[in-house]
Amino acid sequence: MSDLNMMDTYEDQIKDPQVMNRAHSLLPKNLRKKYSAKEIESDVHVSSEDHSLVMEIKATTSSKKNSPKIANAVAKAFKDEFKQMNPSSAEVKLLAPAKEKDVTSKTSPSAKKYAVLGAALGILMGMLIAFGWTSYRKIH
């Protein structure tokens with residue numbers, strides 16, 4: 001029961017520099033060059049349900065391949081550092097690793113696309129008005 005009351009603390013501990021530095025060291029070399037421990041910290045989001053001892057660790061990056069690797073590295077790092085941070089607590093077990101197929105993509109409207117579309121429609125409307133005005137003047 002005491003661990004249940006500590007879930008908010010554990011969520012905060014995941015963002016601890018000690019855990020983030022360990023997570024950074026667990027990443028493949030190419031990702032260690034691309035992401036700093038601070039960037040990993042800002043990319044990672046931790047949540048848990050009320051009355052549950054299960055935490056969900058998500059990483060949001062620009063790469064579908066990198067997000068699960070970062071989330072898994074953070075989970076492993078927390079597991080490795082947990083006993084040192086909480087000597088009297090129970091053991092952390094990793095339930096399911098993040099996989100690339102679990103990644104969801106959020107897309108946002110492209111301002112550039114809308115600007116080009118707006119300009120094209122504006123030119124088309126201008127041409128139609130000019131044609132209509134010219135035709136009207138020739139008829140009358």
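The values are calculated or read from the model by the stated rules, or taken from the named source; none is laboratory data. The model shown is predicted, which means the values in this text are computed figures rather than measured ones. Please note: Cβ atoms are built from the backbone with ideal geometry, for glycine as well, and neighbour counts cover all protein chains shown.
Can you spot a residue in the stretch 109-123 that is among the hydroxyl-bearing types (Ser, Thr, Tyr), at pLDDT below 90 and more than 24 Å from Ser48 (Cβ to Cβ)?
Yes, the stretch 109-123 contains at least one residue that is among the hydroxyl-bearing types (Ser, Thr, Tyr), at pLDDT below 90 and more than 24 Å from Ser48 (Cβ to Cβ).
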*Would you check which residues across the stretch 1-59 are farther than 26 Å from Ala90 by Cα and not hydrophobic (A, V, I, L, M, F, W, C) and list them?*
Pro28, Lys29, Asn30, Arg32, Lys33, Lys34, Tyr35, Ser36, Lys38, Glu39, Ser42, Asp43
*Residues being of a type in the set (Ser, Thr, Tyr), surrounded by 12 or more Cβ atoms within 10 Å (Cβ to Cβ) and not in a helix (DSSP H, G or I): count how many of those fall in the stretch 41-55.*
1
*Of the numbered conditions (1) surrounded by 11 or more Cβ atoms within 10 Å (Cβ to Cβ); (2) farther than 30 Å from Leu4 by Cβ; (3) free of Cβ contacts under 8 Å to residues at least 24 places away in the same chain; (4) hydrophobic (A, V, I, L, M, F, W, C), Ala111 satisfies every one except a single condition; which is it?*
(1)
*Among (1) modelled with pLDDT of 85 or more; (2) of a type in the set (Gly, Ala, Ser); (3) under 27 Å from the mean Cα position of the chain (by Cα), the one test that Ser63 misses*: (1)
*Starting from the stretch 48-72, take each residue that is without any contact (Cβ under 8 Å) to a residue 40 or more places away in the chain and list its partners that are part of a loop (DSSP other than H, G, I, E, B) and surrounded by fewer than 20 Cβ atoms within 10 Å (Cβ to Cβ), counting only C-beta distances under 7 angstrom and pairs at least six apart or across chains.*
Ser67/Thr60; Ser67/Val103; Pro68/Lys99; Pro68/Val103; Asn72/Pro97
*For the stretch 27-40, state whether one or more residues are surrounded by fewer than 16 Cβ atoms within 10 Å (Cβ to Cβ), modelled with pLDDT under 90, under 16 Å from the mean Cα position of the chain (by Cα) and in a loop (DSSP other than H, G, I, E, B).*
no
_Tabulated pairs, the stretch 19-39, first touching a residue at least 24 places away in the same chain (Cβ under 8 Å), second in a helix (DSSP H, G or I) and acidic (Asp, Glu), C-beta under 7 angstrom, 6+ apart or interchain_ = Val19/Glu81; Met20/Glu41; Arg22/Asp80; Arg22/Glu81
